[in-house]
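Notes follow once the structure below has been shown.
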Amino acid sequence: MVAMSLTAQDLGNKPFTVRYIDEDRLYQQYVVAQQYVALQSKLKSEFQQAEQKKRKEIETFYNQVQNKYQKNLYKTQKAFEADQKKLEQMQEKAQKDMETMQKSMEAQLNTEQMKLANEIDVFLADYAVKNGYDAVLRKEAAMFINPKWDVTDEVSEGLNARYNAAHAPEAEAVPIVDGDASGGTAKEVATPE
């Protein structure tokens, strides 16, 4: 571990300002991070359901083969071997399908995680410059940081405000009648939804 000590001369006699974020708390508070966690749960659930479905299909066919074999319902050895081969093919296909699904799920999650991390990094760079901070660290990067330098809530509020502004519904024009009930002129007034 390298210890770093800066003096006023090293900094050109200006204060070095550092703040930090608690990444775990930020992920709990930021709506896009919450969406990522929800996507992760959804994909995991879909994967487990698909796996169960494949397992049940294989198990059902296996039980049919066993039942048929025990009751001597196979007319030829060739018919029995054909069902055994079909069972093996079902198992191989299920394994390949699940591997493909897993890779697809991982790729989707990696893409979303990179977008999330990039959004946070871009926001933090802007936030640091705007507030005159020399650095904004992750809490996990330090052995100790005084809690008074925690800007997690401020950052999550800013990220959420940026997200909400980018995803706000467009104002919709609603006709308003100007005049009396006998007939007036219609005006369009923009109203938020």
>> Can you give me the accessible area per residue for region 93-137, using a 1.4 Å probe, in Å²?
In response: 66 Å²
> Beyond 19 Å, what share of the Cα-Cα pairs of region 23-161 remains, rounded to the nearest whole percent?
Replying inline: 67 percent
> Taking amide H positions as placed 1.01 Å from N in the peptide plane, with prolines and chain starts having none, which residues 5 or more places from Leu137, or on another chain, fall under 5 Å of its amide H?
Replying inline: Arg19, Tyr20, Ile21
> Of all accessible surface on region 65-173 at a 1.4 Å probe, what whole percent is carbon and sulfur?
Replying inline: 51 percent
>> If you average the alpha carbon positions of region 27-69 and of region 75-149, how far apart do those two centres end up, in angstrom?
In response: 16 Å
>> Net charge within 11 Å of Ser104 by Cβ-Cβ distance, Lys/Arg positive one each and Asp/Glu negative one each, not counting Ser104 itself?
In response: -3
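The values are calculated or read from the model by the stated rules, or taken from the named source; none is laboratory data. Bear in mind that the values here come from a model prediction, so they are computed numbers and not experimental data. For neighbour counting, all protein chains shown are included, and Cβ atoms are generated from backbone atoms with ideal geometry for every residue, glycine included. Calculation scope for accessible area: heavy atoms of the full protein, side chains included, ligands and nucleic acids excluded. Shrake-Rupley method; radii C 1.70, N 1.55, O 1.52, S 1.80 Å.
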